[in-house]
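The structure under discussion appears below in the form of structure tokens.
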Amino acid sequence: AVVEVINKQSAKNGHLMRLIRRLVVTAFKFNVYFKAKHIPGKINVIADRLSRFQEAAPRKVAPWLQSRPDLIPPEILPCLLNAALTEGSKQAYRRAIASCTNFRKKRFHTFSVFPASTSVLAAFAASLFSQNYAPATLMTYMSALSYLHKLADMADPTQHFVIKKVVS
């Protein structure tokens, strides 16, 4: 199915179609032609097992495989991160971060969004709720703060049980 989607450069699934569009635009940008070809799992054992999340099985066939993937080189990271979000998401995330920063300045007299504690995020979510923000906006704001913490390689406070319950 993936081979067909890549070769047709079309998909019925919206999420998949967005990925295909990115692939095609990037290929055009760099003047690259691509075509997918199916390789049966019997021949391509390592990839087949990895695609099925059988992490230990491929090492039996290829013991040289790393147990952990290589880290992304730091000089490439900004470019990848910039490409990882749509322009609309970037704008929404900027609004979320600005809103949280303003909240923390007024309420806690601090000027940094992170690291944010669970109690600060719960108070921020309650503040947004009291201002009649839509639940979807609340989720977007928490996603932005989660993204920011992950980029900084910090613990993600939005995954805490309390925050998940407050936001849901």
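The values are calculated or read from the model by the stated rules, or taken from the named source; none is laboratory data. None of the values given here were measured: they were computed from a predicted structure. All Cβ positions, glycine included, derive from the backbone under ideal geometry; neighbour counts span all protein chains shown. Ligands, DNA and RNA are stripped out before the accessible areas are found, and what is left, the full protein with its side chains, is counted by its heavy atoms. Shrake-Rupley method; radii C 1.70, N 1.55, O 1.52, S 1.80 Å.
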Degrees separating the helix 118-130 axis from the principal Cα axis of the chain, which is the longest one: 70 degrees
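What does the charge count near Thr118 come to, summing +1 for each Lys or Arg and -1 for each Asp or Glu among other residues with Cβ under 12 Å from its Cβ?
On the way: positive: Lys164, Lys165; negative: Asp156.
Once positives and negatives cancel, what remains is +1.
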Label-point separation (nm) for Phe129 and Asp153, each offset 7 Å from Cα along Cα-to-Cβ? 3.5 nm
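Could you state the orientation-averaged shadow area of the convex hull built on the Cα atoms of the chain, in nm² to one decimal?
Numbers: hull surface 54.4 nm².
Mean projected area of the Cα convex hull: 13.6 nm².
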Read phi for every residue in region 89-98 and hand back ³J(HN,Hα) as whole Hz from Karplus 6.51 cos²θ - 1.76 cosθ + 1.60, θ = phi - 60°, with x for Gly and Pro. 5, 4, 5, 5, 5, 4, 4, 4, 5, 5
If I model region 88-133 as equal point scatterers sitting on the Cα atoms and use the Debye formula, what is log10 I(q)/I(0) at q = 0.19, 0.24, 0.33 Å⁻¹? -0.58, -0.89, -1.24
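Treat every Asp and Glu Cβ in the chain as -1 and every Lys and Arg Cβ as +1, leave all other atoms uncharged, and give the resulting dipole magnitude about the Cα centre to the nearest 20 debye.
Details: 24 positive and 8 negative charges, 66 e Å.
Once rounded to the nearest 20, the dipole reads 320 debye.
I need the fraction of alpha carbon pairs in region 1-47 separated by more than 18 Å, rounded to a whole percent.
Working: 416 of 1081 pairs.
Value for region 1-47 (Cα pairs over 18 Å): 38 percent.
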In whole Å, what are the extents of region 81-168 along the principal axes defined by its C-alpha atoms, from largest to smallest? 33, 26, 25
Given pairs Lys8/Lys37; Lys8/Lys29; Lys12/Lys35; Lys90/Lys150; Lys12/Lys37 and cut-off 22 Å on Cα-Cα distance, the over-length ones are none
How much accessible area per residue does the chain have, in Å², with a 1.4 Å probe? 74 Å²
Spin-label pair Phe108/Glu4, simplified geometry with 7 Å Cα→Cβ offset, distance in nm: 5.1 nm
Once you list every other residue whose beta carbon is under 14 Å from the beta carbon of Val25, what net charge do they have if Lys and Arg are +1 and Asp and Glu are -1? +3
Give, as a single signed number, the net charge of other residues whose beta carbon lies under 12 Å from the beta carbon of Ile97, with Lys and Arg counted +1 and Asp and Glu -1. +4
Could you order peptides 147-157, 10-20 by the average number of other Cβ atoms within 10 Å of their residues, highest first? 147-157, 10-20
